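A.B. asks: One structure, pasted below without further comment.
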């Protein structure tokens, strides 16, 4: 079946540092890939997505590239802010689960001033 | 404003009680989902509905029930058969083939 593996957190960075959160997946077919962000006590917000190999999703300074050869979708940001502190979830949608999302366990990011 | 609303934000339940969590959307989405999130963990699918008057069990449906009488509404009932219901519950709806949007969540605590 489908699965998503994320690096364990927490990831602690200083403001303006470079961020990478690793995400790898196992899936049949050609899944779409997503990053969601969850701020404390809130629901998940869609951060970015990519629907096919070599696509780059981007939003609010965050980027992730769909790498089929390495089955990865790593999240990056060049300069993090304190306001980026949250939990980040990688997810995929595709066969055999059809329209279902399969989530990774989440990675907590803490940015210090 | 278009979006997904969940109520209440916080809910307390006594042992042996059934409680119902509300989820409403005005996005005209056909598909809706319920997830459970435990502290420090990812999301697990409880139930989903692709269309009105139809719903399917997810990975952890035992102790839960749902209905889908209207397109806009997908309430979740946590029954007394759910042995460990304390968790954060998230509702979502889907646009297009794969993108889901989430509500703000309901935190359920068993007293």
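Every number here is computed from the coordinates shown, using simple stated rules; none is lab data. As the structure is a prediction and not an experimental result, all values here were calculated from the model. Positions of Cβ are generated from backbone atoms using ideal geometry, with glycine treated the same way; all protein chains shown enter the neighbour counts.
A.B. asks: Please count how many residues of segment B:37-58 are closer than 20 Å to residue B:5 by Cα and touching a residue at least 24 places away in the same chain (Cβ under 8 Å).
C.D. replies: Residues in segment B:37-58 being closer than 20 Å to residue B:5 by Cα and touching a residue at least 24 places away in the same chain (Cβ under 8 Å): 5 in total.
A.B. asks: Moving on. Within segment A:38-93, how many residues turn out to be within 23 Å of residue A:14 (Cα to Cα) and assigned to a strand (DSSP E or B)?
C.D. replies: Of the residues in segment A:38-93, 15 are within 23 Å of residue A:14 (Cα to Cα) and assigned to a strand (DSSP E or B).
A.B. asks: Hey, can you tell me all the residues within segment B:32-58 that are within 13 Å of chain A (Cβ to nearest Cβ) and surrounded by fewer than 17 Cβ atoms within 10 Å (Cβ to Cβ)?
C.D. replies: B:38, B:39, B:40, B:41, B:44, B:50, B:51, B:56, B:57
A.B. asks: Next question, about the same structure. State which residue is farthest from the other protein chains (Cβ to nearest Cβ) when the search covers only segment B:95-111 and only residues that are surrounded by fewer than 15 Cβ atoms within 10 Å (Cβ to Cβ) and part of a loop (DSSP other than H, G, I, E, B).
C.D. replies: The selected residue is B:111.
A.B. asks: Give the number of residues within segment A:9-29 that are under 17 Å from residue A:74 (Cα atoms) and assigned to a loop (DSSP other than H, G, I, E, B).
C.D. replies: 6
A.B. asks: Something else: Can you name the residue in segment B:59-74 that is touching a residue at least 24 places away in the same chain (Cβ under 8 Å) and not in a strand (DSSP E or B) and, of all such residues, is surrounded by the fewest Cβ atoms within 10 Å (Cβ to Cβ)?
C.D. replies: My answer is B:60.
A.B. asks: Give me the residue from segment A:23-55 that is without any contact (Cβ under 8 Å) to a residue 12 or more places away in the chain and more than 17 Å from residue B:99 (Cβ to Cβ) and, out of that set, farthest from the chain's Cα centre (by Cα).
C.D. replies: A:41
A.B. asks: Any idea how many residues of segment B:75-94 are closer than 21 Å to residue B:42 by Cβ, touching a strand residue (DSSP E or B) at 6+ places or on another chain (Cβ under 9 Å) and not in a strand (DSSP E or B)?
C.D. replies: 4
A.B. asks: Here is a follow-up. Filter segment B:13-31 for residues that are assigned to a loop (DSSP other than H, G, I, E, B) and more than 14 Å from every other protein chain (Cβ to nearest Cβ) and give the result.
C.D. replies: Listed by number, the residues that qualify are B:14, B:15, B:16, B:17, B:18, B:26, B:28.
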